[in-house]
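Step one of this worksheet: look at the structure below.
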Amino acid sequence: MKKNIKIIFLISLIGFIFLFVYFNSDKKNMSDFFKSDEELFLNDFSPIEMDKYKYLGEIADTTNHMYPYLNFGKICLPLLGQWKNKIKIGDYVSKKKDSSTLFIENKENNYYLHLDTLGIGSAPSPCRCEKLRR
């Protein structure tokens with residue numbers, strides 16, 4: 001009887017590990033499992049460079065509960081609460097590599113949007129727009 005319990009426990013443990021790795025395989029490496037959502041977001045956001053990318057409007061990711069993204073043609077940034085209603089369709093957005101600030105240009109004025117890392121929450125990472133399923 002004890003032998004059967006050990007075998008069942010071992011099979012359950014292997015199954016759990018397999019499912020854990022399968023459902024978390026979008027993480028880049030195992031060390032990402034221990035990073036906060038803010039760190040993961042910044043790791044993907046910091047290397048992005050944008051030079052006057054025109055804001056085309058919102059699109060939703062059907063694979064992630066219809067999470068809204070800001071569509072810049074090539075790059076899609078998740079719609080964070082701190083960016084909501086601050087970027088309008090037709091605005092041009094620039095961002096330097098390793099910067100956490102967006103520079104917005106439009107007909108009326110130019111301004112900076114500084115990323116509040118505490119306000120990221122569990123937002124998905126920025127990505128190439130062709131990766132989103134609409």
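The values are calculated or read from the model by the stated rules, or taken from the named source; none is laboratory data. All figures in this text were calculated on a predicted structure; none of them were measured in a lab. Virtual Cβ from ideal backbone geometry, glycine too; neighbours counted across all protein chains shown.
Annotations for the structure displayed:
- Output for region 74-88, where each listed residue is in contact with a strand residue (DSSP E or B) (Cβ under 8 Å, 6 or more places away or on another chain), surrounded by 13 or more Cβ atoms within 10 Å (Cβ to Cβ) and either within 17 Å of Glu130 (Cα to Cα) or of a type in the set (A, V, I, L, M) (or both): Ile75, Cys76, Leu77, Pro78, Leu79, Ile87
- Thr101 vs. criteria touching a Lys or Arg at 6+ places or on another chain (Cβ under 8 Å), modelled with pLDDT under 90 and hydroxyl-bearing (Ser, Thr, Tyr): no
- Residues that are polar (S, T, N, Q) and within 14 Å of the chain's Cα centre (by Cα), drawn from region 108-134: Thr117, Ser122, Ser125
- Unmet requirement for Asp98, which otherwise passes all of (1) on the phi < 0 side of the Ramachandran plot; (2) touching a Ser or Thr at 6+ places or on another chain (Cβ under 6 Å): (1)
- Pairs where the first residue, in region 41-54, is without any contact (Cβ under 8 Å) to a residue 40 or more places away in the chain and the second is surrounded by 13 or more Cβ atoms within 10 Å (Cβ to Cβ), C-beta under 6 Å, 6+ apart: Lys54/Tyr92
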